[in-house]
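**Student:** Below you will find the structure I want to go over with you.
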Amino acid sequence: MGRERYGVDKEAFEKLQMKYDTDQEVEVLRWISLTVKEPVFSVSDLRDGVVLCNLLNAIESGCVPPKKICQKPRHRLEEQANIIAYLEGCRTLGVPEQDLFQVKDLLDDECRYQVIVNIYAVGREAQVTPGFQGEMLGVKNSVTREMKAERQQKKEQEHEAQKKRAGEERERGKLRRMESEKLSCLAVETDTSRAQKRAQMRHAGRMDIRKSLKIEFDPVCPKVMERGDADVIRYGFDQEAHDRIRAKQNFELEWEVCDWLELLNKVAIDDFYTSLRSGVLLCETVNIIRPGTVKKINKKNMAMLEQENIRSFIRACKMFGMLDVELFTEKDLHCALNLPQAATCIHAFARRVCLNKNYKGPKVEGLELGVPHSSKSPERDEEDPLLPTSAMGGSRLACCNTLCAIM
């Protein structure tokens with residue numbers, strides 16, 4: 001029967017064949033013969049779809065429009081069109097979708113069982129069709145079309161109400177999240193502004209002390225610039241990560257770095273980012289501590305050259321013995337992607353320099369960066385943080401010959 005089947009397809013077909021009952025087929029064919037008033041001997045007589053379309057029209061006049069029925073099909077396409085018209089008529093009659101069959105189930109004799117199930121469903125609907133006086137097929141059906149329509153309408157109303165409730169709940173949840181995020185951002189901005197204000201007041205106080213001591217400073221960055229990627233639009237996880245980084249920003253630490261660089265380079269620093277983003281001041285600081293470490297300092301206002309200056313400072317940090325986990329990338333500072341990491345690295349570099357016993361730089365009270373290490377390993381005591389490591393190819397010269405006295 002039909003095409004050859006293999007594997008899972010064959011197993012599924014065999015299960016359907018086990019459900020097939022020849023007595024049901026005989027009962028169905030007898031009921032069709034009585035309804036359409038013409039003999040039907042086998043399911044193969046239904047293959048062209050003509051008998052099935054006439055069956056629906058016998059149950060309800062005009063269920064399948066006559067112009068859609070080809071009474072004498074000459075080829076497969078016309079037979080297929082008749083079966084499609086029959087299936088559309090079944091939907092009009094009220095037969096559930098699960099009781100329909102596919103065209104190939106009848107046309108190619110793929111699944112007779114599903115065809116018999118469909119005709120039984122048609123028989124049930126015929127019982128509640130107004131004006132039908134034929135014989136009953138199958139169990140008694142007391143659910144009328146009006147009752148089905150009412151149930152379907154009620155089900156659709158419940159579905160719409162459920163969708164509406166779900167939408168309202170989503171909106172309430174969205175509003176709660178927006179309110180929570182707004183309060184969180186407001187708290188972060190408030191804490192950040194307070195910390196920045198305290199740091200600026202502290203820095204301004206130190207500037208007053210320097211003025212009273214008649215210490216003159218040259219401006220290092222006369223051009224006011226906005227912080228990095230202020231106009232960059234972020235979404236989702238990128239925005240969350242950026243907000244977490246901004247929340248870690250320590251303005252007190254930035255001003256400590258600025259104070260130390262001011263005294264070391266004798267220049268006035270207005271802002272951590274705008275003064276250091278070019279990398280010029282960092283390279284000059286390295287050359288003050290150890291002359292000749294940075295061979296070339298690019299002072300042109302070009303992003304590529306400014307990032308090269310920052311990379312030179314990072315290489316110098318490695319030369320002075322700093323670990324990779326303490327460093328930052330050039331874009332962390334130049335593009336303001338991670339200013340807290342940049343400030344932490346420069347702070348660690350300054351503390352490493354200030355803790356060296358051969359460092360002769362200025363020691364003003366309140367400007368020392370960090371706290372001396374509570375415990376020092378013997379290996380760390382033997383090394384000089386101002387000398388290049390062996391990994392950089394430098395020789396271990398005496399520290400006194402490499403440092404220049406400051407002030």
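**Student:** List the lysines whose Cα lies under 16 Å from the Cα of LYS360, skipping any in the same chain that are fewer than 8 positions away.
**Tutor:** Reachable lysines: LYS266.
**Student:** Which order do the peptides 134-140, 351-357, 282-288 come out in when sorted by mean C-beta neighbours inside 10 angstrom, highest first?
**Tutor:** 282-288, 351-357, 134-140
**Student:** How high is the relative contact order of region 7-143, in percent, with contacts defined as C-alpha pairs under 8 Å that are six or more residues apart?
**Tutor:** About 23 percent, as a whole number.
**Student:** While we're on this one: Of all the Cα-Cα pairs you can form in region 78-158, what percent are over 16 Å apart?
**Tutor:** Percentage above 16 Å: 57.
**Student:** Let me ask something else. Which residues' amide hydrogens lie under 5 Å from the amide hydrogen of ALA268, considering only partners 5 or more residues apart or on another chain, with H built in the peptide plane?
**Tutor:** Under 5 Å from the amide H of ALA268: ASP218, VAL220.
**Student:** Ranking TYR20, TYR359 by Cβ neighbours within 10 Å, fewest first, what do you get?
**Tutor:** Placing the least packed residue first, the sequence is TYR20, TYR359.
**Student:** Please list, in order along region 273-278, the HN-Hα scalar couplings obtained from phi with the Karplus expression 6.51 cos²θ - 1.76 cosθ + 1.60 (θ = phi - 60°), rounded to whole Hz, x for Gly and Pro.
**Tutor:** Couplings: 6, 5, 8, 10, 4, 7 Hz.
**Student:** Counting other C-beta atoms within 10 Å, which of GLU60, GLU330 has the fewest, and how do the rest follow?
**Tutor:** Result, fewest neighbours first: GLU60, GLU330.
**Student:** Oh, and also: Work out the count of Lys pairs in region 7-143 where the Cα-Cα distance is under 20 Å, with the pair 8 or more places apart or on different chains.
**Tutor:** For region 7-143, the number of qualifying lysine pairs is 7.
**Student:** If you don't mind, another one. 7 Å from Cα along Cα→Cβ at both GLN24 and LYS154: what's the point-to-point distance in nm?
**Tutor:** 2.9
**Student:** Quickly rank 6-17, 21-32 as a protection proxy: mean count of other C-beta atoms within 10 Å, highest first.
**Tutor:** Sorting 6-17, 21-32 by mean packing, highest first, produces 21-32, 6-17.
**Student:** A further question on this structure: Cα centroid distance between region 314-340 and region 270-303, in Å?
**Tutor:** 13
**Student:** What order, most packed first, do the peptides 241-250, 310-319, 340-349 have when packing is the mean number of other Cβ atoms within 10 Å of each residue?
**Tutor:** The most tightly packed comes first, giving 340-349, 310-319, 241-250.
**Student:** Between region 59-80 and region 100-139, how far is it from one alpha carbon centroid to the other, in angstrom?
**Tutor:** Answer, in whole Å: 17.
**Student:** Which far-off residues, 5 or more places away or on another chain, put their amide H under 5 Å from the one on LEU137, with H placed in the peptide plane?
**Tutor:** For LEU137, no residues qualify.
No value in this document is a laboratory result; all are computed from the given coordinates. Source: prediction; values computed, not measured. Note that each Cβ is placed from the backbone with ideal geometry, even for glycine, and that neighbours are counted across all protein chains shown.
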